[in-house]
Every structure is written in structure tokens, then in C-alpha cells.
Amino acid sequence: MTAETPGAVLLDKLHTALTRYVVLPTPAAADAVVLWIAASHAQPAWAHAPRLVIRGPEKRCGKSRLLDVVEATCHDPFITVNSSPAAVYRSISDDPPTMLVDEADTIFGPKAEGNEDLRGLLNAGHQRNRPAKRYDAATNTVESIPTFAMAALAGIGAMPDTIEDRAVVIRMRRRAPGEQAAPYRHRRDRPALRQLAEHLARWLRADLHILENAEPTMPVEDRAADTWEPLIAVADHAGGTWPTRARTAVLALTAEANDDGDATPGVRLLADCRAIFTDVTALPTAQLLARLNADPEAPWRAHGPSGLTAHKLGAMLREYRITSANIRFPDGIQVKGYHRDAFADAWSRYCPAVDTTEDRTDDKPARLSVVTPLPTEYAGGAA
């Protein structure tokens, strides 16, 4: 058996330390956190600064403990709790610190106020060359302030799409009976973890030029590839089992994110329309609305006393260049409705994974025909 490389040994040690103090939801999540921490030590090499979102449905799910271990092992940790936006901006340089935010719902939640600058920094800082512009009255000049920095955010519930779309998302949960983690004590345990961080930094900083020019084969595309590329580059540089584990983590966590049910209302509407249209060529607006509002688990009933209306439906679909038309149906009646072909381009762009040939189960609406009158059970929007 070939001996492990020094980099792989360091990642293994970091994995052992991490899983000693924190119970992660899956092995893929543990590997992803290890690689994110390691990638923080090579930030000057990256074109994108992936966020690490640590979220849970309730308190006591291990979010803060995981953030403690991240703080102890990442590059130059910078805690933003009670830090002014000006202090945060001025702390970012060409070799930025790693920003850590606990209770991130205080920044992004519905009661968050006065954090616009920090939210803007976290949104913009995912990509290089997205500086903030500030006017300096003393010198009568416009100043460019760098925003690029990796950031870990912990909080209850989901973060905004603008954050999670650029993040490695770890969904924490409370420990089950029998799941054990060693207690973490800052004074006792942090020094050894900081020493491990120094070893990671020496390994990766020596090869920044290699990492900067790395073009790893990615199992995902577009923004997901941008987010995960630094982690895959670190794994490939380490060798051993890590290249395979890294790509397994990418596929597992991105699939989890895609199945999370947090699609935008527009994409959810497109997907629901696709399920309703199946093989029909056109539908009256009234039938389409009735089917949408009939689903008790869909969000459309909450749009008003009668659910989603024709006006709201039209407004949402126009964003995707889908408009209604006067359609004459086989029974001779001409009414407003939608052609299936009008959705084809949007479906291919925003929800291409839907398989319309799949047999339907009994709890899904039956296929409609353009000559079939609206069924009585759907007339009032009943389930």
C-alpha cells in the first residue's frame, strides 16, 4: 500500500479532531467541513471564496460547537459578532481573514436591522474583484475596499438564497441517544487545534502557485463548481483517499440542496405547471389555476382567499416570458389560457430534471385533456 502524502495525513488529522468534538450529520458533511477549513489557509489562490453555512432547525444542534472548531483550525479567524461594518471592511486585505458569524439570523432574519453593509459584504465577497466603493470626504476621492474573504455562518433555519447558493451547507441536528462527542474547552483544546492549523498553513502556503493554477475536474457545474472548486483543488493536492471523498461530498451535499424544497416561487410554479400539463397542448387559465390551488401541500392556496389568481399567475409567468393567449378549444369555446409550448424554454432552463414520462401515482392529479370539462372536485379548489 502506498504511503499517504503529508497533505492527506494532515487532512486525516483534521478530520479526527473535528469528529472528536462534533457529531456531523453525514460522513460527506464531515469531509466537506475538513476541506473548507483547509481551503481557508490558501485564500490568495482562489477565484471564489465559498461560504460555509452551518444551520439547524432548533437550538442545541451543535452549530456553535462546530463554529468553535472551525475557528480553532481555520486561517486567521475573525469573529464578526458586535463588530462594526467599518471594522470588518478594514480587516479584509489581499490575504483576508476567515470571517465567522454566529447567530447569523441576527443579520439575515426578519428582525435584522442596520446590517445592510455587512449583508452586502457577505454577498459580494464570494468573488474576487467585487470591491465596495466608499466616498472619502476628507480627500474628495472614491475608495475601493476589498470584500473577498471566506466566511462561515451559523444560525437557525435557512440563510438567504444569495448566501446558500454560494455555500457549502451543513444541516446540523441534535445528537441522538448513543451519539457522543468529547467536550470542547477553549483553553485546554484550542492550542492543539491552532498548532494543526499552522501545519495546514505551512503545507498549503508553500504551494499557492500550484493551487492557483489548478483546474480540477468538477462533478458539478456553474456556481456550484465555483463554490466547490477550492475544496476539490485541496483534496487533489492532498491525494490519498481525499480526491474521491471530496467529489462524493460535492454530489451528496449539492443533491441535498437541490432536494431541500427551497426553490424560488417562480421555479416552483414552473415545476408545478409542468406536472399539470403533462401531454396536453393547452389549458384554460381557470383549469390551470384550479389544479395549482388544489394541491394542499403547495404554496398557492396562501396567495389569498381563493388562492393564486389569474392576475398573479400571469405576473409570475411573465418573468419567464410566458404569456396567456386567447385559445379556441375543441368544444368551440374561446377563453384565455396557456399553450404548453410557451413553457418549453423556461422548463429547459430552470427545471430540466423533471421527467414528464414518469408514471403518476394515485395522489397526483390525473392527466388533463383540453376537451375535458373541469372536474367537479376541483371547481372550488378542494383537495
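Can you tell me which of (1) in contact with an Asp or Glu (Cβ under 7 Å, 6 or more places away or on another chain); (2) within 23 Å of L14 (Cα to Cα) is the one G157 doesn't meet?
Failed condition: (2).
State yes or no: is A286 surrounded by fewer than 21 Cβ atoms within 10 Å (Cβ to Cβ) and within 30 Å of I163 (Cβ to Cβ)? Lay out the reasoning, then the answer.
Details: surrounded by fewer than 21 Cβ atoms within 10 Å (Cβ to Cβ): yes; within 30 Å of I163 (Cβ to Cβ): no.
The answer is no for A286.
A quick yes/no check of all residues on (1) out of contact with any His (no Cβ under 8 Å at 6 or more places or on another chain); (2) under 22 Å from P44 (Cβ atoms); (3) surrounded by 14 or more Cβ atoms within 10 Å (Cβ to Cβ):
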site	(1), (2), (3)
E215	yes, yes, no
P230	no, yes, yes
V250	yes, no, yes
A257	yes, no, yes
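Looking at region 299-320, which of its residues are under 19 Å from Y350 (Cα atoms) and of a type outside the set (F, W, Y)?
P299, L313, G314, A315, M316, L317, R318, E319
Provide a single number: the residues in region 229-242 that are more than 22 Å from the chain's Cα centre (by Cα) and on the phi < 0 side of the Ramachandran plot.
Kept after step one, since they are more than 22 Å from the chain's Cα centre (by Cα), are these residues of region 229-242: 236-242.
Within this subset, residues satisfying the condition of being on the phi < 0 side of the Ramachandran plot are 236-238, 241-242.
Number of matching residues: 5.
Looking at this structure, is H209 assigned by TED's automatic domain parsing to the domain that holds A149, part of a helix (DSSP H, G or I) and surrounded by fewer than 15 Cβ atoms within 10 Å (Cβ to Cβ)?
Numbers: assigned by TED's automatic domain parsing to the domain that holds A149: yes; part of a helix (DSSP H, G or I): yes; surrounded by fewer than 15 Cβ atoms within 10 Å (Cβ to Cβ): yes.
For H209, the condition - assigned by TED's automatic domain parsing to the domain that holds A149, part of a helix (DSSP H, G or I) and surrounded by fewer than 15 Cβ atoms within 10 Å (Cβ to Cβ) - is met.
Need the failing condition index for G178 against (1) under 24 Å from V9 (Cα atoms); (2) more than 28 Å from the chain's Cα centre (by Cα); (3) not acidic (D, E), just the number.
(1)
Could you check R187 against (1) assigned to a helix (DSSP H, G or I); (2) surrounded by 13 or more Cβ atoms within 10 Å (Cβ to Cβ) and say which number it fails?
(2)
Against the definition (touching a Gly at 6+ places or on another chain (Cβ under 7 Å) and of a type outside the set (V, I, T)), how does W228 come out, yes or no?
Working: touching a Gly at 6+ places or on another chain (Cβ under 7 Å): no; of a type outside the set (V, I, T): yes.
Taking the combined requirement at face value, the residue does not satisfy it.
Search region 218-236 for residues being touching a residue at least 12 places away in the same chain (Cβ under 8 Å) and not hydrophobic (A, V, I, L, M, F, W, C), and hand back the single one that is farthest from G7 (Cα to Cα).
As a first pass, look at region 218-236 and keep what is touching a residue at least 12 places away in the same chain (Cβ under 8 Å): 218-220, 223-224, 226-236.
Applying the additional criterion that residues be not hydrophobic (A, V, I, L, M, F, W, C) yields 219, 223, 226-227, 229-230, 236.
Working: P219: 22, R223: 27, D226: 23, T227: 21, E229: 17, P230: 15, D236: 10 Å.
Residue satisfying both the conditions and the ranking: R223.
Please indicate, with yes or no, whether at least one residue in region 200-207 is free of Cβ contacts under 8 Å to residues at least 24 places away in the same chain and more than 24 Å from the chain's Cα centre (by Cα).
In the first step, residues of region 200-207 are kept if they are free of Cβ contacts under 8 Å to residues at least 24 places away in the same chain; the result is 202, 206.
After this cut, where a residue has to be more than 24 Å from the chain's Cα centre (by Cα) as well, the list is 202, 206.
Checking region 200-207: at least one residue is free of Cβ contacts under 8 Å to residues at least 24 places away in the same chain and more than 24 Å from the chain's Cα centre (by Cα).
With the condition being modelled with pLDDT under 85, I'd like the strands (runs of 3 or more DSSP E) fully within region 136-183 carrying at least 3 qualifying residues. Working first, answer last.
On the way: elements: 141-145, 151-156, 167-171.
The qualifying strands (runs of 3 or more DSSP E) are 141-145.
The values are calculated or read from the model by the stated rules, or taken from the named source; none is laboratory data. Computed from a predicted model, the values in this text were never measured in an experiment. Positions of Cβ are backbone-derived with ideal geometry, glycine not excepted, and every protein chain shown enters the neighbour counts.
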